[in-house]
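Below: the structure, in structure tokens.
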Amino acid sequence: MQMIGLGGVGILPAAPVRLRNRDVEYPYRQDSDFYYITGFDEPESIAVLAPGRPQGEYILFCRDRDPQRETWEGSRSGPERVVSDFGANDAFPIGDVDDILPGLIEQAERVHYTLGVNPEFDARLIGWVAMLRRRGSLAAAHAPDEFIALGHMLHDLRLYKSRAEVGCLQRAVAVAAGAHRRAMARCRPGLHEYEIEAEYLHEFRRHGMQPAYLPIVGSGPNACVLHYSANNRQLQDGELLLVDAGCESELYASDITRTWPVNGRFSPEQRAIYEVVLEAQQAAVAAVVPGNHWNEPHEAAVHAIVRGLCRLGILEGSPAAIIRDGSYRRFFMHRTGHWLGMDVHDVGDYKVGEQWRMLEPGMVLTVEPGIYIAAGSRGVARRWQGIGVRIEDDVLVTRGGCEVLSQALPREPEQIEALVGTAA
Ligand code: GLY
Ligand code: MN
Ligand code: MN
């Protein structure tokens, strides 16, 4: 409210309901910005922030109570309860929005709104502004002079996690870590990737959580497909399995990857690659320190991976030259991490102007180096081909350095071997 200031109005629509196919909706997921401000998870809602409005600065439009619809769709809060339970100062039925919202816009000089995310709502908002402009020439109505991206303000707030937000992230991490343990314990050759996926989904749902993104369950060559999601192959003896899966607690996401041998024993080649990735991850985590810039963990991971691949003879030449020319990207083609929060690839700028952003306490990021040697990689000995390894953990920047929120989940090769197959 302070950032918007007097003379401004902030407008945040809820996420629309989306159809999957005839009469079937996608599971409803509230818009992250809307939920961050409101904590309200019903569709067809609009939050309005109107600093200085005497009748109430925080206004929520929501669905009206409707006993008949509630029989089909479940209970609705209605305007009374969004005031008593969600802290709105004032509330109206969504059906009245065309009568009320233009009046709120008319009183503002600046509209703070994120264009381009919700095209249907963009069109409605433009319609209200156009109406005010038309009326302006006839009846002294007033259209706002400025549109300002609300997302930019909100996303900077969302980048710094409060204690309560860290609590949500910790709960999401704990459940995802439990799911990884369970999947490793149940793993054995002959299962299908979807059977492993089912362990995650059951573990998430039995804790009341939802997957934060489509789980990636890639065995053998599929471990080298970065966003693999078909999850329909049979696990073969002697292969690796890479699982990247996380869940949401109150819309806060965990995002964790582990890679393990399907039969519980790393082959010498798998273990060699695994150890390079682990070394890269440890080097990157050590660089997650307040005052370091965003790219330092990535630079540390790249150094460790290039040195390791040179040591194994998979890359040839001087590490410095390989880093300069970027040829390591054949095997490590993504960045070492991203911000983590209500969106798995969370909001927040990575650069300020031309400079990488400094890490500060309260920021949360993933650290997820990987090496992927696709089958058929030219110039690479066959014994390395088809090996894909990623190790991903969720990390909170603290005053003295960082805290790996998923620290308790095994990642040392011996720990992993000791766990895989124990409940198969
Ligand atoms: N699961 C997507 C990622 O790791 O970024
Ligand atoms: Mn991930
Ligand atoms: Mn990630």
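Throughout, read-outs are computed from the coordinates displayed, never taken from laboratory work. Please read these numbers as outputs of a predicted model, since none were measured by experiment. Here the Cβ positions follow ideal geometry from the backbone for every residue, glycine too, while neighbour counts run over all protein chains shown.
Brief remarks on what is shown
- Cα→Cβ-extended label distance, 7 Å offset, between D99 and R133, nm: 2.7
- Using a Förster distance of 51 Å, the FRET efficiency for D237-V17 (Cβ separation, nearest 0.05): 0.65
- Taking label positions 7 Å along the Cα-Cβ direction at both H345 and R265, the computed distance is 4.0 nm, reported to one decimal.
- DSSP finds beta bridges in the chain, and of those with both partners inside it, around 80 percent are antiparallel.
- Calculated FRET efficiency for the pair E80/Q355, C-beta based, R₀ 56 Å, to 0.05: 0.70
- For the chain, the longest principal axis of the Cα atoms and the long axis of helix 97-106 meet at an angle of about 90 degrees.
- Here, P(r) means the percent of Cα pairs in each 5 Å bin from 0 to the largest distance; for segment 7-153 it is 2, 9, 18, 22, 20, 14, 8, 5, 2, 0.
- Base-10 log of normalised Debye intensity for the chain (one unit scatterer per alpha-carbon) at q = 0.13 Å⁻¹: -1.12
- Q407 paired with E120, simple spin-label distance in nm, labels 7 Å along Cα-to-beta-carbon: 4.6
- Principal-axis tilt of helix 163-186 within the chain, Cα atoms, nearest 10 degrees: 40
- On Cα atoms only, tilt of 296-311 relative to the major axis of the chain in degrees: 20
- Take every Cα pair under 8 Å whose residues are at least 6 apart in sequence, average their separation, divide by the length of segment 107-198, and the relative contact order is 28 percent.
- Computed over Cα pairs, the Kirkwood radius of segment 240-337 leads via Stokes-Einstein (0.890 mPa s, 25 °C) to a diffusion coefficient of 164 µm² per second.
- Net charge of neighbours whose Cβ lies under 12 Å from the Cβ of N292, counting Lys and Arg as +1 and Asp and Glu as -1: -2
- Between the beta carbons of D156 and Y194, assuming R0 = 41 Å, the FRET efficiency works out to 0.55 to the nearest 0.05.
- Radius of gyration, Dmax [segment 130-287; alpha carbons; angstrom]: 23.0, 81
- Peptides 300-306, 281-287, 330-336 ranked from most to least packed by the mean count of surrounding Cβ atoms within 10 Å: 300-306, 281-287, 330-336.
- The eigenvalues of the Cα gyration tensor, multiplied by 5 and square-rooted, give segment 274-412 an equivalent ellipsoid with semi-axes of 28, 17, 13 Å from largest to smallest.
- Per residue of the chain, the DSSP helices (runs of n ≥ 4 H) give a summed -39500 (n - 2.57) that works out to -11000 deg cm²/dmol at 222 nm.
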